[in-house]
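Undergrad: Below you'll find the structure I mean.
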Protein chains: 2
Amino acid sequence: VTLAWLLRSNGHSVNLCVRSETERESVQTVRGVARLPDVELDAGVVVHTGWPVDPGVDGIVLAVPAQAMRATLSSLEADRSLPILCAAKGIEHGTARLMSEVAADCGWPSDLVAVLSGPNLAHEIARGLPAAAVVAASRLDEAQRWQKALSTGSFRVYTSNDVVGVELAGALKNVIAIAAGAAVGLGMGANTVATIVTRGLAEITRLGVALGADASTFQGLAGVGDLAATCYSPLSRNRQLGELLATGRTAEAALAEIGETAEGAATASVAVSLGRRHGVELPITDQVSAVLLGEASVAEAMSKLLTRSPRSEANGWD
Amino acid sequence: VTLAWLLRSNGHSVNLCVRSETERESVQTVRGVARLPDVELDAGVVVHTGWPVDPGVDGIVLAVPAQAMRATLSSLEADRSLPILCAAKGIEHGTARLMSEVAADCGWPSDLVAVLSGPNLAHEIARGLPAAAVVAASRLDEAQRWQKALSTGSFRVYTSNDVVGVELAGALKNVIAIAAGAAVGLGMGANTVATIVTRGLAEITRLGVALGADASTFQGLAGVGDLAATCYSPLSRNRQLGELLATGRTAEAALAEIGETAEGAATASVAVSLGRRHGVELPITDQVSAVLLGEASVAEAMSKLLTRSPRSEANGWD
């Protein structure tokens with residue numbers, strides 16, 4: 001909805017496709033969604049159920065949960081020569097495929113696939129507060145297409161050609177944010193969260209570089225920026241998930257309580273398998289995954305992370 | 001006081017030197033300071049006025065404001081063969097000297113000078129919440145001396161040999177935190193702070209590398225960890241300074257309201273001059289300095305930072 005609103009404020013006509021008739025009626029009635037009262041969609045945004053793709057559109061934005069990306073893209077009766085922008089921050093369970101790879105599997109030529117990431121809490125963007133994001137695509141003109149389509153006076157979009165790095169950063173920071181939330185849930189403070197941000201950035205970067213990403217991506221908005229915002233913001237759903245897990249709730253109960261998708265929950269175990277496959281140590285991700293699978297309590301997992309014997313910082317926690 | 005308490009909890013006898021007789025009486029009476037109710041100093045911490053240095057001590061910890069470091073070190077009637085640990089996070093005004101350089105000016109051999117930095121909000125450490133820090137020294141055994149002296153079950157100390165990097169990271173993050181506070185004071189949110197953290201880390205790293213620091217230091221606890229914690233923590237004095245500046249207060253009035261030292265205020269202009277001298281662009285630091293000097297309003301400065309035309313992220317805001 002926020003992306004539809006940004007596109008519309010740049011003068012684009014938007015077809016907003018939602019999952020159900022109930023949702024369509026709700027969006028039609030309030031011209032937006034209840035949790036984002038600042039977003040008011042005008043008549044230039046037409047709300048549909050399902051995925052009717054007008055062949056005349058300039059591009060398709062996919063803002064569905066990562067685990068629903070394949071089903072959504074497969075069911076799109078759209079020309080594969082239409083550019084797409086994936087806004088989901090996750091890795092597909094089972095296949096360990098990134099969103100751009102899922103798009104390729106569904107028939108999109110890789111040079112027409114762009115991904116969006118960055119520190120973008122929706123309610124702040126909806127209020128017009130300054131924010132910035134990164135669009136990555138293998139072709140600069142594709143990245144620039146979405147940069148132009150989404151940039152507003154308060155929402156700044158940077159381009160990147162590191163698709164894998166931007167995607168991995170967005171997906172993995174959700175897992176680290178669960179650890180940050182767990183620390184907060186255990187009564188720890190900003191110092192502990194800072195340690196988790198620092199070591200989390202290190203392990204995200206290690207895995208990214210092993211998968212061919214550019215290390216500098218993790219120093220940018222999609223990397224450290226998004227990670228810090230997510231770990232420190234009480235409004236992040238992934239951090240909230242960690243806080244709930246720290247109360248002793250199971251992953252299932254905590255996710256039910258949050259209601260909306262917390263992408264890190266599905267991404268954690270697939271990140272663990274990616275790490276193993278590429279021989280990269282991911283101590284925080286390992287512990288988050290163990291807690292989500294019910295194999296360790298939050299207290300046990302945190303204790304494992306925080307009690308390794310200190311040494312030179314370059315060696316970190318490992 | 002927190003450092004004295006950490007040393008004491010490791011069984012060391014501590015001479016705690018304070019500036020005035022009033023302060024000494026106050027610390028004696030409450031066995032600590034009012035703002036850190038969790039710190040209770042036992043009889044193994046003897047409180048002094050002035051700097052009587054017992055020649056039998058193992059080392060000296062300097063936890064004075066950066067701008068008072070030279071006067072403190074010069075007046076110490078201590079053998080220059082005693083190891084010292086500087087805990088101040090700032091750069092000396094006028095000379096642009098780092099704390100380790102000030103120590104050298106005061107007669108200390110550089111291999112006996114260590115510096116301490118990291119995400120270390122004192123009230124959290126005092127409550128025993130997990131935190132980590134970095135001690136840097138040119139000699140590993142000196143860094144390890146302080147690592148051993150300060151590490152506790154909940155306070156983990158890593159060693160580093162990048163003295164300049166650790167010092168610069170600690171000093172410059174205070175300036176960036178003023179910008180983060182100013183953004184918050186203008187009503188901006190976590191997304192904007194994330195942008196400031198990201199671009200702030202980039203400019204700190206640029207200056208650090210120009211001054212001979214190791215780029216990886218800025219990816220560590222003393223770099224990104226301390227920066228993120230300070231920019232996101234409402235309890236950071238430097239962030240509070242930015243928030244007060246955003247209300248239109250002058251730097252003088254805002255500093256008077258905070259009462260304690262906000263190191264970034266003195267460091268900003270000297271960082272600007274370091275940047276000029278080394279040909280490094282520091283857009284955030286420049287704007288913070290201009291606001292502190294009364295040359296720009298917070299709104300003008302923030303607008304300059306946030307309205308540059310977007311381009312590839314690698315080029316950043318510049």
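The values are calculated or read from the model by the stated rules, or taken from the named source; none is laboratory data. Predicted model only: the values in this text are computed from it and were never measured. Please note: Cβ atoms are built from the backbone with ideal geometry, for glycine as well, and neighbour counts cover all protein chains shown. In case anyone asks, the SASA skips ligands and DNA or RNA and just uses the protein heavy atoms, side chains included. Shrake-Rupley method; radii C 1.70, N 1.55, O 1.52, S 1.80 Å.
Undergrad: With all protein chains present, calculate the accessible area of B:THR195 using a 1.4 Å probe and round the result to the nearest 10 Å².
TA: B:THR195 exposes around 10 Å² with every protein chain in place.
Undergrad: With every protein chain left in place, what is the accessible area per residue of segment B:196-257 in square angstrom, probe 1.4 Å?
TA: Heavy-atom accessible area per residue stands at 33 Å².
Undergrad: Determine the share of segment A:54-106's accessible area contributed by carbon and sulfur atoms, expressed in whole percent, with a 1.4 angstrom probe.
TA: Values: 1070 of 2130 Å².
Using a 1.4 Å probe with all protein chains present, segment A:54-106 comes out at 50 percent carbon and sulfur.
Undergrad: Hey, another quick one. Distances from B:ALA34 to the same position in the other copies: list them in nm, one decimal, shortest first, using label points 7 Å from Cα along Cα→Cβ.
TA: Going from nearest to farthest copy, the values are 4.7 nm.
Undergrad: Next question, about the same structure. Check which residues have an amide H placed less than 5 Å from B:ILE60's amide H, if you skip close sequence neighbours.
TA: Residues meeting the amide H criterion: B:ILE84, B:LEU85.
Undergrad: About its Cα centre, how strong a charge dipole does the protein assembly as shown have in debye, to the nearest 20, once Lys and Arg get +1 and Asp and Glu get -1 at the Cβ?
TA: So the dipole magnitude of the protein assembly as shown works out to roughly 20 debye.
Undergrad: Say the dipole of segment A:1-91 comes from +1 at the beta carbon of Lys and Arg and -1 at that of Asp and Glu; which of A:SER13, A:CYS86, A:PRO55 then lies farthest toward its positive end?
TA: A:CYS86
Undergrad: Please give the average number of partner chain Cβ atoms lying within 10 Å of the Cβ of each residue in A:217-230, rounded to a whole number.
TA: The shielding value for this peptide is 6.
Undergrad: Taking each residue of A:184-190 in turn, how many C-beta atoms of other protein chains fall within 10 Å of its C-beta, and what is the average?
TA: Working: counts 0, 0, 2, 2, 6, 12, 15.
Partner Cβ neighbours, averaged per residue: 5.
Undergrad: Find the centroid of the Cα atoms in segment B:64-138 and in segment A:1-78, then give the distance between the two in whole Å.
TA: With segment B:64-138 and segment A:1-78 each reduced to a Cα centre, they are spaced 56 Å.
Undergrad: Further, regarding this structure: Placing the label point 7 Å from Cα along the Cα-to-Cβ direction, what are the distances from B:HIS48 to the equivalent spots in the other copies, shortest first, in nm to one decimal?
TA: Distances to the matching label points in the other copies: 8.0 nm.
Undergrad: Now for a separate question. Which lysines, on any chain, are close to A:LYS304 with Cα under 22 Å apart, when same-chain ones fewer than 8 places away are left out?
TA: Within the straight-line limit of under 22 Å, A:LYS304 reaches these lysines: A:LYS173, B:LYS148.
Undergrad: For the protein assembly as shown, what number results from the quotient of the Cα radius of gyration and 2.2 N^0.38 Å?
TA: Output field value: 0.99.
Undergrad: Let me know the mean shielding of B:129-136 by other chains, meaning the per-residue number of their Cβ atoms within 10 Å of its Cβ.
TA: That average works out to 6.
Undergrad: So which GluC sites (Glu not before Pro) in segment A:25-112 end up in coil per DSSP with only 16 or fewer other C-beta atoms within 10 Å?
TA: Numbers: sites: A:GLU25, A:GLU40, A:GLU77, A:GLU92, A:GLU101; in loops: A:GLU40, A:GLU77, A:GLU92.
Passing both the DSSP loop test and the Cβ count: A:GLU40, A:GLU77.
Undergrad: Would you calculate a helix-derived [θ] at 222 nm for chain B, using -39,500 (n - 2.57) for each DSSP H run of n ≥ 4 and dividing by the full residue count, to the nearest 500?
TA: When only DSSP H runs of four or more count, the value is -14500 deg cm²/dmol.
Undergrad: Quickly rank A:181-194, A:256-269, A:292-305 as a protection proxy: mean count of other C-beta atoms within 10 Å, highest first.
TA: Per-residue mean Cβ counts within 10 Å order the peptides as A:181-194, A:256-269, A:292-305.
Undergrad: Also: How far, in nm to one decimal, is A:ARG80 from itself in the other copies if the label point is set 7 angstrom along Cα toward Cβ? Shortest first, please.
TA: Those label-point separations list as 7.5 nm.
Undergrad: Can you give the charge dipole size of segment A:167-240 about its Cα centre, rounded to the nearest 20 debye, using +1 on the beta carbon of Lys and Arg and -1 on the beta carbon of Asp and Glu?
TA: Dipole size: approximately 200 debye.
Undergrad: In addition: Pop out the ³J(HN,Hα) list for segment A:167-176 in order, Karplus 6.51 cos²θ - 1.76 cosθ + 1.60 with θ = phi - 60°, rounded to Hz; leave Gly and Pro as x.
TA: For segment A:167-176, the Karplus curve yields 5, 4, 4, x, 6, 6, 5, 5, 5, 5 Hz.
Undergrad: Kindly compute the accessible surface that chains B and A hide from a 1.4 Å probe when together, both sides summed, and give it to the nearest 100 Å². Walk me through the numbers on the way to the answer.
TA: Details: alone 13910 and 13920 Å², together 24150 Å².
Answer for the B-A pair: about 3700 Å² buried.
Undergrad: May I ask for the angle, rounded to the nearest 10°, between helix A:263-278 and the longest principal axis of chain A, with both axes built from Cα atoms and the value confined to 0 to 90°?
TA: It works out to around 60 degrees.
Undergrad: Filter the trypsin sites (Lys or Arg not before Pro) in segment B:79-126 to those in DSSP coil with at most 10 other Cβ atoms within 10 Å of their Cβ, and list the result.
TA: Answer by residue number: there is no such site.
Undergrad: Now a separate question. For chain B, what's the radius of gyration and Dmax over Cα atoms, in angstrom?
TA: Radius of gyration, then largest Cα-Cα span, for chain B: 19.3, 61 Å.
Undergrad: Based on the Cβ-Cβ distance from A:GLU40 to B:ALA104, what FRET efficiency comes out when R0 is 41 Å, to the nearest 0.05? Don't skip to the end; give the middle numbers.
TA: Working: r = 62 Å, r/R0 = 1.51.
The formula returns an efficiency of 0.10 here.
Undergrad: Sticking with this one: Might you report the magnitude of the Cβ-based charge dipole of chain B about its Cα centre, with Lys and Arg at +1 and Asp and Glu at -1, to the nearest 20 debye?
TA: Using only the charged Cβ atoms, the result is roughly 520 debye.
Undergrad: Out of all DSSP beta bridges with both ends in the protein assembly as shown, state the antiparallel percent to the nearest 5.
TA: Given both bridge residues lie in the protein assembly as shown, the antiparallel proportion sits at roughly 20 percent.
Undergrad: Related question: Tell me the net charge near B:ASP141. Cut-off is 11 Å between Cβ atoms, B:ASP141 excluded, with +1 for each Lys or Arg and -1 for each Asp or Glu.
TA: +1
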